[in-house]
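Undergrad: A single structure is presented below for examination.
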Amino acid sequence: MSEVYDLIILGAGPAGISAAIYAARAGLHTLWLDKQFAPGGQIISTYEVDNYPGMPGISGMDLGEAMAAHAKKLGISPVRENVLSVEEEAGEKIVRTKKNTYRAKTLLIACGASHRKLGIPGEEELGGMGVSYCATCDGAFFKDRTAVVVGGGNTAVEDALFLAGICRKVYLVHRRDKLRADKVLQDRLMECANVELVWDSIPLEIRGNEQVTGLLVRNGKTGEERFLDVDGVFIAVGIVPNTEKFKNFVQMDENGYIAAGEEGVTNTPGVFAAGDIRTKSLRQVVTAVSDGANAVYSIQKYLLKEK
Ligand code: NAP
């Protein structure tokens, strides 16, 4: 019989890292799994995180590394394994990866979210050939060239700002005439002479043959179509929770987020959720970190009760 952990944490984004730190300090026998090559979750593709207290202007990669180094100092690091399935067996949580089967008394799901796709022709076919979901990862390939960012949230505006410093010209295509991004970012964007905002426009097709040549958009108000002659298309239209593997295991809301409040408690006893993967109104590093701490506090209470 394999050993039974007090807790298995899935995910090494800010929520998972914070949970690992709290679990280590609480003396829980913990296994921490993550499939990524570097800790930090979504922030590793963020050029600059400027709203995490005490770390003004830090890069997402550096913040992820600093957080993981903190956990390591307390004796815990993520094991790099991709979870295939989770299930319940005689009150224990069973986590299967390609290599192993693990057992625990409690499970914390902190697997975050992934980029939403546009689902238009050319997106799939030209992936990696000019279509990207990460400006900080791929922006350098577009030095002195042209690019378009699709979206109107914080990610889209941050991407446009980042690309404006590299590219000759950047378009920002948004489906409405108002950005969703924070005002401080909008103000910075308006100061960029090489950024053109394309309002009320819906992307129809990404064109190119082995390399992107442009994006066709339609103005939703006038019906007019416009072809943007660009080398790169950066898609930043939000996130979708990574909950596919947890269907039928925990309750989710209509958008696929795990139904759990601030304490991280789900409808399945002994299963907890933290960070972007759970139902919440503000998905930020600071709220994810707080989720990790709250969830471990709930887990400690649960373990005491079950003793
Ligand atoms: P988001 O806030 O959900 O914004 C997604 C944007 O894409 C919206 O403007 C939306 O338009 C647009 N959109 C969605 N589906 C679309 C479609 N099919 N076609 C065209 N446009 C579409 O997503 P995000 O910017 O990735 O941010 C995710 C979360 O992370 C947010 O909570 C955000 O605040 C947070 N975040 C924070 C920071 C920071 O604080 N520095 C940085 C990055 C992300 P509508 O506006 O019309 O809905």
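Undergrad: Give the dimensionless ratio obtained when the Cα radius of gyration of the chain is divided by 2.2 N^0.38 Å.
TA: Compared with the compact-globule rule of thumb, the chain sits at 1.09.
Undergrad: Quick check: the angle from helix 154-164's long axis to the longest principal axis of the chain, C-alpha only, nearest 10 degrees?
TA: Relative to the chain, helix 154-164 is tipped by roughly 50 degrees.
Undergrad: For the range 95-133 and the range 189-232, what is the centre-to-centre distance using only Cα atoms, to the nearest Å?
TA: Rounded to whole Å, the Cα centres lie 27 Å apart.
Undergrad: Just the number, please: percent antiparallel of the DSSP beta bridges in the range 131-235, rounded to the nearest 5.
TA: Roughly 40 percent of the beta bridges in the range 131-235 run antiparallel, per DSSP.
Undergrad: Further question: Using all Cα-Cα distances in the range 131-235, what percent lands in each 10 angstrom bin from 0 up to the longest?
TA: Whole-percent P(r) values from 0 Å outward: 17, 52, 29, 2.
Undergrad: In the range 131-235, what percent of the accessible surface is made up of carbon and sulfur (1.4 Å probe, ligands and nucleic acids excluded)?
TA: Roughly 46 percent, rounded to a whole number.
Undergrad: Averaged per residue, what accessible area in Å² does the chain show with a 1.4 Å probe, protein chains only?
TA: Result: 50 Å² of accessible area for each residue.
Undergrad: Which percent, nearest 5, of DSSP beta bridges in the chain are antiparallel?
TA: Taking every DSSP beta bridge with both residues in the chain, the antiparallel ones total about 45 percent.
The values are calculated or read from the model by the stated rules, or taken from the named source; none is laboratory data. From a predicted model like this one, the values you see are computed outputs, not experimental measurements. These area figures cover heavy atoms from the full protein model, side chains too; ligands, DNA and RNA do not enter into them. Shrake-Rupley method; radii C 1.70, N 1.55, O 1.52, S 1.80 Å.
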